[in-house]
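Below is one structure, written out as structure tokens, with a few remarks after it.
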Amino acid sequence: MIKSMTGFGRCELADGERKFTIEMKGVNHRYLDVNIRMPKKLNFFETAIRNLLKQSVSRGKVDIFITYEDLAEGQAVLKYNETLAKEYLVCLKQMEESFGLENDIRVSTLSRYPEVLTMEEQALDAEEIWNVLKKAMEGALEQFVETRTMEGENLKKDILSKLDGMQKLVAYIEERSPEIVKEYREKLEEKVKELLEDSQIDDGRIAAEVVIFADKICTDEEVVRLKSHISHMQEVLRSEESGIGRKLDFIAQEMNREANTILSKANDLEVSNCGIDLKTEIEKVREQIQNIE
């Protein structure tokens, strides 16, 4: 199954007084690059989140945004540091005696001193939190994979269509090659006749020149390999194999190499134009392949 590396998934899940909202966005990337943004209190689950993602995603740059709300009463507790309050009072008493100042300290004043009264969050139940977080992740991941799969099918159809067009271009080059040699021989014979006029033409010499020319522009091997690469890519696209992006990219590179050789050997305007069209289509295919996982 072909998957694009571009996708989006979202899931909002509430369980009791806990609520998770997860969004996932993906774009193409050479490897799997995961960036997770979530509250610090959830950092403990980062490894588990990454492992869950890797079960369905192998390539791409994936950004995960997690928001968490806990509406439960008593999630934060007020703590009173009596020892620190006593130390403040001792110091204030010393200041009163040393400087002859009035000690006007009140409870309301002392309570505002640093760390005398603090708010502490209650410890999270890791297992209970993960059960809810995992369900939310699975919901977002399901939608994320679904959008990547849909986009992957669109890419598959487009690439297969381009490959059909490339096959026609290669077939034309294959059919045109013998005609080029034939036309070259005719032009060579006409040129020799003009130069020699009534003299007898050396057919053996002309044949030798034609053989040299034919060998110089021969693209039989390149055409055979190019046809093989196109067929191979079609087979890979139609297979149920996953994670085929790198393989397709390698095949496209080989196709481009053969097209370059054909174009360098082209000694005919029609074949040259056809070779340029072929390279253009291969480049379009390579651009599409960059989005496949």
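Quick one: would you say Ile230 is at pLDDT below 65 and not in a loop (DSSP other than H, G, I, E, B)?
no
Condition (residue is open to solvent by 40 Å² or more (accessible area, probe 1.4 Å) and under 15 Å from Asp220 (Cα atoms)) applied to segment 232-255: is it met by at least one residue?
Taking every residue of segment 232-255 in turn, none turns out to be open to solvent by 40 Å² or more (accessible area, probe 1.4 Å) and under 15 Å from Asp220 (Cα atoms).
Give me the pairs, please: first residue somewhere in segment 128-154 and farther than 12 Å from Lys19 by Cα and in contact (Cβ under 8 Å) with a residue 60 or more places away in the chain, second residue anywhere and among the β-branched types (Val, Ile, Thr) and assigned to a helix (DSSP H, G or I), beta-carbon distance under 8 Å, and either six or more positions apart or on two chains.
Short answer, once both residue conditions are applied: Met137/Ile49.
Of the conditions (1) of a type outside the set (Lys, Arg); (2) touching a residue at least 24 places away in the same chain (Cβ under 8 Å); (3) under 26 Å from Val116 (Cα atoms), Asp63 clears all except one; give me its number.
(3)
Based on what the data block shows, is Met137 within 25 Å of Ile230 (Cβ to Cβ), open to solvent by less than 60 Å² (accessible area, probe 1.4 Å) and either hydroxyl-bearing (Ser, Thr, Tyr) or part of a helix (DSSP H, G or I) (or both)?
no
Being open to solvent by 80 Å² or more (accessible area, probe 1.4 Å), in contact with a strand residue (DSSP E or B) (Cβ under 9 Å, 6 or more places away or on another chain) and in a helix (DSSP H, G or I) is true for just one of Glu146, Glu151. Which residue is that?
After applying the criteria, what remains is Glu146.
Limited to segment 60-114, what total is found for residues that are closer than 30 Å to Arg18 by Cβ, surrounded by fewer than 11 Cβ atoms within 10 Å (Cβ to Cβ) and of a type in the set (Val, Ile, Thr)?
1
I'd like the full set of residues that are in contact with a Gly (Cβ under 8 Å, 6 or more places away or on another chain) and among the basic types (Lys, Arg), limited to segment 1-49.
The answer is Lys3, Lys25.
Out of (1) open to solvent by 30 Å² or more (accessible area, probe 1.4 Å); (2) at pLDDT below 75; (3) of a type outside the set (Phe, Trp, Tyr), the odd one out for Ser161 is which?
Result: Ser161 fails condition (2) only.
Does Val271 qualify as being surrounded by 14 or more Cβ atoms within 10 Å (Cβ to Cβ) and over 22 Å from the mean Cα position of the chain (by Cα)?
yes
Considering Gly60, Gly100, which residue is at positive phi and more than 20 Å from the chain's Cα centre (by Cα)?
Testing whether each residue is at positive phi and more than 20 Å from the chain's Cα centre (by Cα) leaves just Gly100.
Exactly one condition in (1) of a type outside the set (Gly, Ala, Ser); (2) at pLDDT below 75; (3) in contact with a helix residue (DSSP H, G or I) (Cβ under 7 Å, 6 or more places away or on another chain); (4) open to solvent by 60 Å² or more (accessible area, probe 1.4 Å) is not met by Arg225; state its number.
All conditions pass for Arg225, except number (2).
The values are calculated or read from the model by the stated rules, or taken from the named source; none is laboratory data. Predicted, not measured: the structure shown is a model, and the values here were computed from it. Every residue, glycine among them, receives a Cβ derived from its backbone with ideal geometry; neighbour counts consider all protein chains shown. Heavy atoms of the whole protein, side chains included, go into the accessibility calculation; ligands, DNA and RNA do not. Shrake-Rupley method; radii C 1.70, N 1.55, O 1.52, S 1.80 Å.
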